[in-house]
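Since the structure comes first, as structure tokens, the remarks are kept for the end.
A short reminder: the numbers here are calculations on the coordinates, not readings from a lab. Keep in mind the model is a prediction, meaning the values are calculated, not measured. Note: ideal-geometry Cβ built from the backbone for every residue, glycine included; neighbour counts use all protein chains shown.
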Amino acid sequence: MTLRFSLPTATRAFLLGLGLLLLATGCGGGGGGGGVAASSPDSPKPTVVLVEIVDDDPDEVLDTIEDVVEDTGATYLGQVDGTTFHRFELPASLSPEAFFALVDDDVRITDREEDVDLSSPEGGGATIPLGGELFASAVAQQPELMRIGLAAAHTRVTGAGVRVAVLDTGIDPDHPLLVGHVGPGGHDFLDGDDDPRYEPNGRDDDGDGLIDEGRGHGTFVASLVLAVAPGAEIIPYRVLDSDSRGKASSLAEAIVMAADTGVDVINLSAGMPSRVQVVKDAVQYARNMGILVVASAGNTGTRSVTFPASLGDGMSVTSVDPTDVLSDFASFGDDVDLSAPGHELIGAFPNALGAVRWSGTSFSAALVSGAFALVREASPGMDAEHIVSHLRDTSADVRGLNPGRDGDMGEGRLDLDAATAP
């Protein structure tokens with residue numbers, strides 16, 4: 001497949017304008033702690049599919065879009081920014097399979113797939129609120145971070161000058177642990193603005209009986225990155241709603257935007273059950289620019305690493321408990337690069353709760369993103385590929401504690417002291 005991630009700006013603007021025009025004229029068919037019971041969403045969300053159209057002639061791209069709309073009754077929603085994929089909303093009467101059958105004979109279409117759901121692996125909310133004035137030291141000095149050599153690492157580096165993109169539910173930028181550490185360039189892909197703060201809505205958007213179960217996830221992740229690398233700068237991108245749900249196409253856009261913004265590493269504490277080409281292309285785009293995507297392996301407790309952590313172009317992280325044994329909830333397998341603590345960690349939480357405990361591979365990934373920042377400061381000339389190898393090579397061997405898991409937990413458990421040693 002030919003990848004062209006930089007269509008001319010005028011072309012992209014024109015395609016977006018066409019999408020708005022089609023929508024306006026009606027062409028085609030056819031938008032915190034959990035635990036609180038709720039009713040189902042008012043109506044099912046529309047199905048969106050992604051179609052790749054690769055052509056140097058903008059007129060040919062437009063002709064293809066118009067033919068797809070006419071032949072299928074779909075509504076054109078615009079281009080997935082930074083990629084050669086385009087979104088189409090299907091009429092209620094048309095399944096993705098039926099849509100694909102209608103467009104499969106069009107040689108101008110080089111790929112097509114459903115815009116699948118993206119989600120963080122930790123639902124149901126955080127536990128054990130920690131109040132009072134102790135929460136700042138509780139996060140930075142928690143035993144799990146001391147156990148992997150953070151105190152020794154901080155005598156050498158803090159991740160100063162390193163920009164870490166956090167693609168998640170958004171953050172609470174006013175939280176004391178994040179104030180002064182959030183840099184410019186973030187974006188909210190749900191609301192379409194440049195204010196990627198977490199926004200609960202008090203609804204059960206995904207119909208699972210819980211309200212806002214993604215509450216605080218991005219804030220928690222960001223605080224753990226900063227606990228490891230307090231000198232780093234967080235660039236937040238909101239790709240998940242308050243129920244920790246999003247779309248693959250928005251994730252792809254966020255990865256491309258973060259890469260273009262000039263971040264050093266991208267933390268993705270979320271995933272999806274199947275491979276999606278537009279996301280794979282975006283991860284490769286970032287890697288070609290020397291930017292690493294660190295992704296959580298998932299919380300299935302099985303040999304089934306979620307996508308895109310399963311990609312070889314990123315870095316996949318799973319969780320160990322305080323004894324360096326694979327966490328009972330953690331996904332594992334050949335695709336895992338590294339293990340890191342992820343059991344009952346302490347991190348920041350929005351508003352009055354201050355800090356809470358939470359478990360999951362999302363938070364193991366955050367520690368590794370922070371570790372990347374430490375190594376980047378210590379060795380600014382080391383590229384992303386070599387930093388991955390360095391973190392793996394300096395990891396602690398925990399195979400003896402995990403019989404039968406050889407090759408399932410990556411090279412070893414993250415060791416911050418060894419990774420930053422001269």
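Side notes on the structure shown:
- Gain on full stretching of the segment that runs from Glu199 to Asp383 - 0.36 nm per residue minus C-alpha separation: 62.7 nm
- Where a label projected 7 Å from the Cα of Gln141 along Cα→Cβ would reach, residues of the stretch 166-193 with amide N under 18 Å: 177
- Summary of the geometry: the stretch 289-319 and the stretch 48-121, compared by the centres of their Cα atoms, lie 27 Å apart.
- On full extension, the segment bounded by Thr155 and Ala101 gains 13.4 nm, given 0.36 nm per residue less the C-alpha separation.
- For the chain, fraction of C-alpha pairs farther apart than 40 Å, in %: 17
- Charging the Cβ of each Asp and Glu at -1 and of each Lys and Arg at +1, and nothing else, the dipole of the chain about its Cα centre rounds to 1560 debye.
- Top positive-direction residue, dipole computed over the chain with Cβ charges, set Ser93, Thr302, Val69: Thr302
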